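K.L.:
Take a look at this one; I'll ask things after.
The values are calculated or read from the model by the stated rules, or taken from the named source; none is laboratory data. On a predicted model such as this, the values are computed, not experimentally measured, just so you know. Cβ coordinates were reconstructed from backbone atoms using ideal geometry, including for glycine residues, and neighbour counts include every protein chain displayed. Calculation scope for accessible area: heavy atoms of the full protein, side chains included, ligands and nucleic acids excluded. Shrake-Rupley method; radii C 1.70, N 1.55, O 1.52, S 1.80 Å.
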Amino acid sequence: MSDIDTKPREIVQPKIKQPPLYKVVLINDDYTPREFVVTVLKAEFRMSEDQAHRVMITAHQRGVCVVAVYAQDIAETKATRATDAGRSRGYPLLFTTEPEE
């Protein structure tokens, strides 16, 4: 019985690296109606009316506004879908992505 190792095993948990985050940025333009921008923000980013309005006004006043932060693939998909929604209606609405620092 003395040759049996009775030390408790250490539980090894693999370290999972979080994916890099990307910002979705709304670029202001002078042609897309404000109401349409709010509609797109509500539909694609699931914002409330109030949140969408604040984001739209911030982009209007400052030229750009960070809409949300996601993993890279989700951020790019949402930015593309939101931009395409504007293009399908003939508006120059533009959402871009950039790495979060």
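K.L.:
How far is it, in nm, from the label point at residue 10 to the one at residue 61 when both lie 7 Å from their Cα along the line to the Cβ?
P.N.:
5.4 nm
K.L.:
What spacing in nm lies between the two simple spin-label points modelled at residue 49 and residue 27, each 7 Å away from Cα in the Cβ direction?
P.N.:
A separation of 3.1 nm, rounded to one decimal place.
K.L.:
Defining a contact as two alpha carbons under 8 Å apart and six or more residues distant in sequence, what relative contact order in percent does the chain show? Could you put the intermediate results ahead of the total?
P.N.:
Numbers: 134 pairs, mean separation 41.7, N = 101.
In percent, rounded to a whole number, it is 41.
K.L.:
Which of rounded, prolate or oblate describes the chain when judged by the alpha-carbon gyration tensor and an a/c cut-off of 1.5?
P.N.:
Prolate, because a/c is 1.5 or more and a/b exceeds b/c.
K.L.:
Run the accessible area of the chain with a 1.4 Å probe and give the carbon-and-sulfur part as a rounded percent.
P.N.:
Exposed carbon and sulfur together represent 51 percent of the surface.
K.L.:
Please turn the phi angles of segment 55-69 into ³J(HN,Hα) values with the Karplus equation 6.51 cos²θ - 1.76 cosθ + 1.60 (θ = phi - 60°), one per residue in order, whole Hz, x for glycine and proline.
P.N.:
Each residue's phi maps through the Karplus curve to give 5, 4, 5, 4, 5, 5, 7, 9, x, 8, 7, 6, 8, 6, 10 Hz.
K.L.:
Mind jotting down the distance between the C-alpha centroids of segment 23-37 and segment 75-101, whole Å?
P.N.:
9 Å
K.L.:
Here's something else I'd like to know. Pairs of alpha-carbon atoms within less than 8 angstrom and 6+ residues apart define the contacts here; what relative contact order does segment 19-72 have, in percent?
P.N.:
60 percent
K.L.:
Further question on the same structure: Filter the GluC sites (Glu not before Pro) in segment 1-64 down to the DSSP loop ones having no more than 14 other Cβ atoms within 10 Å, then list what survives.
P.N.:
When the GluC sites (Glu not before Pro) of segment 1-64 are filtered for loop state and at most 14 Cβ neighbours within 10 Å, 10 remain.
K.L.:
What is the calculated FRET efficiency for residue 39 to residue 71, with r their C-beta to C-beta distance and R₀ = 30 Å, to the nearest 0.05?
P.N.:
The pair residue 39/residue 71 has a calculated efficiency of 0.75.
K.L.:
Answer rounded, prolate or oblate for segment 1-47, using the Cα gyration tensor with square roots of eigenvalues a ≥ b ≥ c: rounded when a/c is under 1.5, else prolate when a/b is larger than b/c, else oblate.
P.N.:
Here segment 1-47 falls in the prolate category.
K.L.:
Still on this structure, please answer the following. Restricting to DSSP loop positions (anything but H, G, I, E, B) with no more than 11 other Cβ atoms inside 10 Å of their own Cβ, which trypsin sites (Lys or Arg not before Pro) remain in segment 1-70?
P.N.:
Values: sites: 9, 15, 17, 23, 34, 42, 46, 54, 62; in loops: 9, 15, 17, 46.
Listed in order of number, the matching sites are 9, 15, 17, 46.
K.L.:
Can you spot the lysines whose alpha carbon is less than 20 Å from residue 78's alpha carbon? Ignore those fewer than 8 places along the same chain.
P.N.:
Cross-link targets: 23, 42.
K.L.:
Follow-up question, since we're still on this one. For the chain, with the dipole built from +1 on Lys and Arg beta-carbon atoms and -1 on Asp and Glu ones, taken about the Cα centre, which of 18, 72, 43 lies farthest toward the positive end?
P.N.:
Of the candidates, 43 comes out farthest on the positive side.
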